[in-house]
Amino acid sequence: MSETTQEVKEIPSQELKEKVINAIKQVYDPEIPVDVYDLGLIYEISIYPVNNVYIMMTLTSPNCPSAEFIPSEVKNKIQQIQGINHVELELTFDPPYSQDMMSEAAKLELGFL
């Protein structure tokens, strides 16, 4: 006898957060050869029961040519994680983005170090 309803298994929040970060690292600003996570565009990643993800992010500038593409790409990559229930993404420009938000690896890649 098989069950028709699949039980949703909660992914431990730290494990899910790591999967979310790995998914986000697959998204690049088309004009910069660094992923959006290392660029410092992700301000917040919150995990809620059961397998719900909230992302607060920004763009390099409010009139970034990729403004339509990047947030939806981030959301799509996270939704592809097996077991994800819901992804909410909020775009903010407060505080405004600055190059100080980049990871050391991104600064190195772009020649800022």
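Each value in this text was obtained by applying a stated rule to the coordinates, not by laboratory testing. This one's a predicted model, so the numbers in the text were calculated from it and none came from an experiment. Here the Cβ positions follow ideal geometry from the backbone for every residue, glycine too, while neighbour counts run over all protein chains shown.
Altogether, the Stokes-Einstein calculation at 20 °C and 1.002 mPa s, with the Kirkwood radius of segment 21-87 over Cα pairs as Rh, returns a diffusion coefficient of 175 µm²/s. Work out the length of the dipole vector of the chain about its Cα centre, built from +1 on the beta-carbon of each Lys and Arg and -1 on the beta-carbon of each Asp and Glu, and round it to the nearest 20 debye. The dipole of the chain has a size of about 160 debye. Rounded to the nearest Hz, the phi-derived 3J(HN,Hα) couplings of segment 74-81 under the Karplus curve 6.51 cos²θ - 1.76 cosθ + 1.60 (θ = phi - 60°) are 4, 4, 4, 4, 5, 5, 7, 5, where x marks glycine and proline. Close amide H partners of V87, meaning residues 5 or more places away or on another chain with modelled amide H under 5 Å apart, are V53. The calculated FRET efficiency for the pair N85 and F112, based on their C-beta separation and a Förster distance of 41 Å, comes to about 0.60. Binning all Cα-Cα separations of the chain at 5 Å, short to long from zero, yields these whole-percent fractions: 2, 11, 22, 21, 17, 12, 7, 3, 2, 1, 1, 0, 0. When both bridge partners sit in the chain, DSSP labels roughly 55% of those beta bridges antiparallel. Of all aspartates and glutamates in the structure, those lying under 17 Å Cα to Cα from K77, and not within fewer than 8 positions of it along the same chain, are E15, E18, D29, D35, D38, E44, E68, E88, E90.
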